[in-house]
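Heads up: the structure comes next, in structure tokens.
What follows draws every value from the coordinates through simple rules; no lab data is involved. Nothing here was measured: the structure is a model prediction, and the numbers come from that model. For neighbour counting, all protein chains shown are included, and Cβ atoms are generated from backbone atoms with ideal geometry for every residue, glycine included.
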Amino acid sequence: MNAKIVIFAGYRVFYHIFAQFFNLMITYSQHTLRNGLRVIVHRADGGAMAAVNMLYRVGSRNENPERTGFAHLFEHLMFRGTRAVPDFDTPLHKVCAENNAFTNNDYTDYYVTLPRENVATALWLESDRMTGLDITPEKLEAEKRVVVEEFNQRYLGQPYGDVWMLMRRLAYKVHPYRWQTIGMTPEHILGASGEDVRAFYERYYNPANAILSIAAHLDVDDMLRMAEEWFGDIPAGVAPVDVLPQEPLIAEARRLEVVRDVPATAIMIAFPMGTRTSRNYYAGDILSDILAGGSSARMYESLVRQRRLFSSVNAYITVDLDPGLFVVTGHLLPETPVSVAEEALWDELRRLQDERVGDYELEKVKNKFEAETVFGELNVMNKAMNLGFYEMLGDLELVNREVEIYRSFTAGELRDEAVAMFIPARSATLIYSKS
């Protein structure tokens, strides 16, 4: 056996022993309150810190195409205080807590880390803003200005800021993934009325559309009791059912070329791929790491170091619930013609189709994922977030099965996936040229 493979196999044994020794399998208990709130708790033995995570099943996918950016706007509003607690952060600071949130295409996530003895404070505040958000005209106008400024600075006012706005419109024609979380245009945010925002709040921010997860060195029954105490009396509301248009497969290659004031010309090629729980998703994740998982991966070694066509290259997948995208991209060196660079990217994709991935390459990627999973689960916040996320996927036990899914792939299966995925007629190419 190749010596490198032996070394990596040794790493795998180490990670397996490490995971067993520290009990890094996420154990959990589930309970659904009468109002529909799903609660998942994990006893994180030995830690002084706890994590409380509240996931709402609402993202940019749930927006009206004429009113985009609402999910992100609402994330901002959730920190503006309630009728009972005008300043959300002050009570958290008093108990040494840190909190934040994020919004993506599929959901919005609010999280708090704090000493385990103060978990009730986080639950109190989350339950309060689930029902009592104080959406005054003044607060709404202030947050609208903040979001529009973010739109202008991050997406319109900096180099490459609109790359994904362009690519999403190119790759998607009917699905809500065709716009960014920030929204299609600032006008949609500026036009948001108080009635629009309150209707959004009532539709999506209720127990039936939420998942609460807690990770702490506390008794499981005590955590479930606290969840019942703080959330059990909240009216259920109705879990919204949004029927989304399904994106047809790209039937003919799409292409867009733009000129911008940027340091270097960039190329981005995207391909449709499977849903988050499909086997195709995991294959795409492995293939992206084989192409661009570090400075020793194929694309960097070939296109940057040897052929000197690009200053940087990358390959990655979008982590979407519905069918997402596999992306290869690179920034060209000044002397590299676009046609040569584009063909070079395709050369790397064709190599995946024509040659079996080597045992060493594949084992390295699998070990990397296993290491990231094992060490990531040392963090109590990661555990709470993951429990909420996988519950949203509808397969909570997947939180403990994904390493074995990655481990199960063979070189032959990955080659078949590459053949099926990297089809020129199903590609969307963006040429982002330097002016």
statement: The local net charge around PRO272, scoring Lys/Arg +1 and Asp/Glu -1 for residues other than PRO272 whose Cβ lies under 9 Å from its Cβ, equals 0
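Helix-only estimate, please: 222 nm mean residue ellipticity of the chain, summing -39500 (n - 2.57) across DSSP H runs of length 4 or more and dividing by its residues, to the nearest 500.
When only DSSP H runs of four or more count, the value is -12500 deg cm²/dmol.
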message: For a Förster distance of 35 Å, can you work out the FRET efficiency between the beta-carbons of ALA236 and ASN152, rounded to the nearest 0.05?
response: 0.35
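Of all beta bridges DSSP finds with both residues in region 254-434, what is the antiparallel percent, to the nearest 5?
Values: 19 of 26 bridges.
In region 254-434, approximately 75 percent of DSSP beta bridges are antiparallel ones.
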- line: Once phi for every residue in region 280-286 is put through the Karplus expression 6.51 cos²θ - 1.76 cosθ + 1.60 (θ = phi - 60°), the whole-Hz ³J(HN,Hα) values, with Gly and Pro written as x, are 4, 4, 5, 4, x, 5, 5
- line: Taking max minus min of the Cα coordinates of region 33-231 on each principal axis, largest first, gives extents in Å of 50, 35, 34
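Give me the net charge of ALA251's neighbourhood, meaning all other residues with Cβ under 13 Å from the Cβ of ALA251; Lys, Arg count +1, Asp, Glu -1. Walk me through the numbers on the way to the answer.
On the way: positive: LYS173, ARG254, ARG426; negative: GLU247, GLU252.
Once positives and negatives cancel, what remains is +1.
Let's test the formula: R0 of 22 Å, r as the Cβ-Cβ distance of ASP261 and GLU187. What FRET efficiency results, to the nearest 0.05? Intermediate values should be presented prior to the final figure.
Values: r = 24 Å, r/R0 = 1.08.
About 0.40, to the nearest 0.05.
Please list 282-288, 255-261 highest first by mean number of surrounding beta-carbon atoms within 10 Å per residue. Write down the numbers at each step before the final one.
On the way: 282-288: 23.3, 255-261: 11.7.
Peptide ranking by packing, descending: 282-288, 255-261.
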- prompt: LYS368: which lysines have alpha carbons under 28 Å from its alpha carbon, excluding same-chain residues fewer than 8 sequence positions away?
  reply: LYS4, LYS383
message: In region 305-331, whose amide N lies under 18 Å from the spot 7 Å out along Cα-to-Cβ of LEU249? List them in ranges.
response: 322-327
message: I need the peptides 105-115, 32-42 ranked by packing, meaning the mean over residues of other C-beta atoms within 10 angstrom, with the highest value on top.
response: 105-115, 32-42
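Could you calculate the contour length gain from LEU333 to ASP354, that is, 0.36 nm times the residue separation minus the distance between their Cα atoms, to one decimal place in nm?
Values: separation 21, 0.36 × 21 = 7.56 nm, distance 2.76 nm.
Separation in residues times 0.36 nm, less the Cα-Cα distance, equals 4.8 nm.
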statement: A correct Karplus calculation of ³J(HN,Hα) over region 320-330, with 6.51 cos²θ - 1.76 cosθ + 1.60, θ = phi - 60°, whole Hz and x for Gly and Pro, returns 10, 5, 7, x, x, 10, 9, 10, 10, 8, x
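Could you line up VAL119, VAL174 from fewest to most neighbouring Cβ atoms inside 10 Å? Working shown, then result.
Values: VAL119 25, VAL174 12.
Starting with the residue having the fewest Cβ neighbours, the order is VAL174, VAL119.
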